[in-house]
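We did not get these values from a lab; they are worked out from the coordinates using the rules stated. Just so you know, these numbers come straight off a predicted model, no measurement behind them. Quick reminder, even Gly has a Cβ in these numbers, built from the backbone with ideal geometry, and neighbours come from all protein chains shown.
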Amino acid sequence: MTLTYTPLADIPKIVQSLRGAFNAGITKSLEYRKQQLRGMYNMLAENDAAIRDAVFRDLHKPPAELMIGESGMVKQECIDAIKNLEKWAANRSVKTGLVNKFDNVHIRKDPLGMVLIIGAWNYPLNLLLAPAVGAIAAGNTVVLKPSEVAPNTAELLTKLLPAYLDQRAYRIVNGAADETTLLLEHKFDHIFYTGSGSVGRIIMGAAAKQLTPVTLELGGKSPAFVSRDVDVAITARRLAFGKFFNCGQTCIAPDYLIVERGIEDKLVEAFKASIQEFYGSSAQSSQSYGRIVNKNHFNRLKTLLDQTKGQVVVGGEHQEDDLYIAPTLVLNVTKEDKLMEGEIFGPILPIMVVDKLVEGVKYVNQNDQPLALYVFSKNKRAIDYILDHTRSGGVVVNDALIHFIVSNLPFGGTGPSGIGNYHGKRSFDVFSHERSTLIKSMGMEKMNYVRYPPYTEKKTRW
Ligand code: NAD
């Protein structure tokens, strides 16, 4: 389907009207914000079938994956924000010294102003709306820019949003690079971007011109360490879940495995069993397996499969007109392999076999810090060693992906995998300004004499 892009001529008007709405203070009251968050919740709850259908058309996403990874999570974010808003938005007192003993000294949580949220296609609902929950809760007006690569979801949200949220304060702008470039010429008070690092650099460059702060939710190659002592069946099942969820198109999918020599064959067999358990004898005819988002990404992944020097030990089948790539494992991949160059972002899992996991630690540290890092082991010392000697946005021991849905864990990258983080209260904080506030009484003036001129010698003696 072709998404209707917002006419370029309309973009400055939309931005101007949202700036006006913020200045008019319509998003200020907590009651208003809660009402808008209830609107967002209701939009998701009342249009479940239409949302399922749109995301299915974009990504062939199974409804259970939509619920776990997108709509259920955003609804929960709405509930948490509504429930905790008074607490999150309350002034926070700070300790003071004697000089300010009689003053009211605290931190206010003020809205930033007008913010821009740019979403990515792989979780087209979540990555646009979850940050929006924080922005709305914090009292901002918001321009939402969905990914044009998931056009059905973008089109549906454009239709639904005005029926549930105040159009004076929250607007969707649709389009690709041209529309986003024009948006970026305007002054926002924060830009929240999810997507690739290359576009992230463009976003940050444009933001720098306006001195606009950014949150960048990027990607990278997230490794999973597997030590010799693991329960192979459980490990394979959890890794298969993490890798093949959304057909591998997840920013925190285990990108590749670092497996201690000796268990690789058993692990591959256990993967085969898990894939069979999840998708039956043909993932292509399973209702539980997604598809690659479009031909470009399909061809990118197919080329990787053609170029790898590793052994394809599971899967490898693909069909272009169905955008299908089977759950695939590639064994004995070396550091020089094409599969180890960039983020795979598809259902292909390379396995590097090492004599000792410490070799894997060295390898990970030679590369960019990943968005996530996984360790499967029963050995506390080995786990601690890996955690202490690596860097990553987040880390999970003995599972994959699930830190994303714990709203009290700030989610984000480090270094090339991102700047900043969000979810739960953190999202509220991202879109709030901590305004230092000191309210002095007009009394006790004598106490101030010490700092007023004339600066006599007595006043400067400590
Ligand atoms: P994408 O193609 O949907 O692009 C992201 C956004 O950038 C879109 O809204 C798009 O319109 C906009 N955009 C594209 N080109 C632009 C340009 N030249 N100027 C301005 N804006 C432009 O998504 P993608 O980049 O393919 O996303 C995949 C990447 O995102 C992967 O690296 C993945 O790991 C990462 N990702 C990160 C997270 C996270 O939460 N950290 C989540 C999902 C995806």
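Restricting attention to the stretch 167-179, the residues being buried (at least 18 other Cβ atoms within 10 Å of the Cβ) and either in a loop (DSSP other than H, G, I, E, B) or touching a strand residue (DSSP E or B) at 6+ places or on another chain (Cβ under 7 Å) (or both) number 7.
The set of residues from the stretch 389-420 being surrounded by fewer than 20 Cβ atoms within 10 Å (Cβ to Cβ) and among the polar types (S, T, N, Q) comprises Thr390, Asn398, Asn408, Thr414. Among the residues here, Gly242 does not qualify as outside any helix (DSSP H, G or I), farther than 15 Å from Met352 by Cα, of a type in the set (Gly, Ala, Ser) and touching a Leu at 6+ places or on another chain (Cβ under 6 Å). In the stretch 399-423, the residues that are over 13 Å from Met73 (Cα atoms) form Cβ pairs under 7 Å with partners that are among the acidic types (Asp, Glu) and in a loop (DSSP other than H, G, I, E, B), at six or more places apart or across chains, as follows: Gly415/Asp368; Pro416/Asp368; Ser417/Asp368.
Checked against (1) among the polar types (S, T, N, Q); (2) within 15 Å of the ligand (Cβ to nearest atom); (3) at positive phi, Asn398 passes all but a single condition, namely (2). In the stretch 66-121, the residue that is farthest from the ligand (Cβ to nearest atom) out of those that are among the hydroxyl-bearing types (Ser, Thr, Tyr) and in contact with a strand residue (DSSP E or B) (Cβ under 7 Å, 6 or more places away or on another chain) is Thr96. Only residues that are surrounded by fewer than 24 Cβ atoms within 10 Å (Cβ to Cβ) and under 30 Å from Arg108 (Cα atoms) were counted across the stretch 120-142, and they come to 1. Scanning the stretch 293-331 for residues that are surrounded by 20 or more Cβ atoms within 10 Å (Cβ to Cβ) and in contact (Cβ under 8 Å) with a residue 60 or more places away in the chain, we see that the one that is farthest from the chain's Cα centre (by Cα) is Leu331. Listed by first and then second residue, the pairs with beta-carbon distance under 6 Å, at least 6 apart or on different chains, first residue in the stretch 368-390 and under 19 Å from Ala236 (Cβ atoms) and within 16 Å of the ligand (Cβ to nearest atom), second outside any loop (DSSP other than H, G, I, E, B) and among the aliphatic types (A, V, I, L, M), are Leu373/Val395; Tyr374/Ala224; Tyr374/Val396. Given the criteria part of a helix (DSSP H, G or I), among the aliphatic types (A, V, I, L, M) and away from the ligand (no atom under 11 Å from the Cβ), does Leu183 qualify? It is false that Leu183 is part of a helix (DSSP H, G or I), among the aliphatic types (A, V, I, L, M) and away from the ligand (no atom under 11 Å from the Cβ). How many residues are part of a loop (DSSP other than H, G, I, E, B) and either surrounded by fewer than 24 Cβ atoms within 10 Å (Cβ to Cβ) or of a type in the set (Val, Ile, Thr) (or both) if we restrict to the stretch 143-154? So the count comes out to 2. Take the conditions (1) surrounded by fewer than 23 Cβ atoms within 10 Å (Cβ to Cβ); (2) within 16 Å of the ligand (Cβ to nearest atom); (3) among the aromatic types (Phe, Trp, Tyr); Tyr256 misses just one of them, which is (1).
Restricting to the stretch 186-206, give me the number of residues that are closer than 16 Å to Asn140 by Cβ and either among the hydrophobic types (A, V, I, L, M, F, W, C) or within 8 Å of the ligand (Cβ to nearest atom) (or both). Let's see the steps before the verdict.
Residues of the stretch 186-206 that are closer than 16 Å to Asn140 by Cβ, as a first pass: 186-193.
If we keep only those that are either among the hydrophobic types (A, V, I, L, M, F, W, C) or within 8 Å of the ligand (Cβ to nearest atom) (or both) as well, we get 188, 191-193.
Summing the residues that are closer than 16 Å to Asn140 by Cβ and either among the hydrophobic types (A, V, I, L, M, F, W, C) or within 8 Å of the ligand (Cβ to nearest atom) (or both) in the stretch 186-206 gives 4.
Answer yes if at least one residue in the stretch 105-117 is in contact with a Lys or Arg (Cβ under 9 Å, 6 or more places away or on another chain) and farther than 26 Å from Tyr32 by Cβ, and no otherwise. Yes, the stretch 105-117 has at least one match. With respect to the conditions (1) aliphatic (A, V, I, L, M); (2) more than 10 Å from the ligand (Cβ to nearest atom); (3) farther than 19 Å from Met114 by Cβ, Ala169 lacks only one, and its number is (3).
Taking every residue in the stretch 180-208 that is at positive phi and surrounded by fewer than 17 Cβ atoms within 10 Å (Cβ to Cβ) and pairing it with any residue that is outside any strand (DSSP E or B) and not small (Gly, Ala, Ser), at least 6 positions away or on another chain, yields no pair with a Cβ-Cβ distance below 8 Å.
Considering the stretch 259-282 alone, what residues qualify as being outside any loop (DSSP other than H, G, I, E, B) and touching a strand residue (DSSP E or B) at 6+ places or on another chain (Cβ under 8 Å)?
Val259, Glu260, Glu264, Leu267, Val268, Phe271, Lys272, Ile275
Within the stretch 193-223, being part of a strand (DSSP E or B) and out of contact with any Gly (no Cβ under 8 Å at 6 or more places or on another chain) holds for no residue.
Let me confirm something: among Leu128, Leu157, which residue is in contact with a Pro (Cβ under 8 Å, 6 or more places away or on another chain), in a helix (DSSP H, G or I) and either more than 12 Å from the ligand (Cβ to nearest atom) or among the β-branched types (Val, Ile, Thr) (or both)?
Values: Leu128 fails: either more than 12 Å from the ligand (Cβ to nearest atom) or among the β-branched types (Val, Ile, Thr) (or both).
Being in contact with a Pro (Cβ under 8 Å, 6 or more places away or on another chain), in a helix (DSSP H, G or I) and either more than 12 Å from the ligand (Cβ to nearest atom) or among the β-branched types (Val, Ile, Thr) (or both) holds for just one of Leu128, Leu157, which is Leu157.
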